[in-house]
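Here the structure comes first, spelled out in structure tokens, and everything after it is commentary.
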Amino acid sequence: GPPPVTPPSPPPELACVSVSCGMAFTVCLREDGAVLTWGSSDFGALGHGPARRAGAPRLLSGRVLDKRSFVGVSAGEEHCAAVTAKGNVYVWG
């Protein structure tokens, strides 16, 4: 038969160790503790201010999140949550 196909590896900036999906968006945790989101949400679940859509993964940032390193992420229908190693939970959407 044909040889097995090996899918390409994602670029390092998109390599996720944990992924969760909401109604129409995705949240990803990178190995370095950064959080990325993309997709569509009318309720702030992307965490990018008033932006309702992100066609490609965007790094979650902001005054509160810039110095945080996360160890877990989860998505609900229209919200996201991320937890730090100290057990602090941040929720948006």
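Considering region 1-21 alone, what residues qualify as being surrounded by 10 or more Cβ atoms within 10 Å (Cβ to Cβ) and either under 17 Å from Ala56 (Cβ atoms) or in contact with a Leu (Cβ under 6 Å, 6 or more places away or on another chain) (or both)? Pro10, Glu13, Leu14, Ala15, Cys16, Val17, Ser18, Val19, Cys21, listed by residue number. Scanning region 1-18 for residues that are out of contact with any Pro (no Cβ under 9 Å at 6 or more places or on another chain) and touching a residue at least 12 places away in the same chain (Cβ under 8 Å) yields Ala15, Val17, Ser18. Summed over region 37-93, the residues that are in contact (Cβ under 8 Å) with a residue 24 or more places away in the chain, open to solvent by 50 Å² or more (accessible area, probe 1.4 Å) and outside any strand (DSSP E or B) give a count of 8.
The values are calculated or read from the model by the stated rules, or taken from the named source; none is laboratory data. Given the structure is predicted, the values throughout are model-derived calculations rather than measurements. Reconstructed Cβ throughout: ideal geometry from the backbone, glycine too, with neighbour counts over all protein chains shown. The protein model used for the area step is the full one, side chains on, heavy atoms only, and it has no ligands, DNA or RNA in it. Shrake-Rupley method; radii C 1.70, N 1.55, O 1.52, S 1.80 Å.
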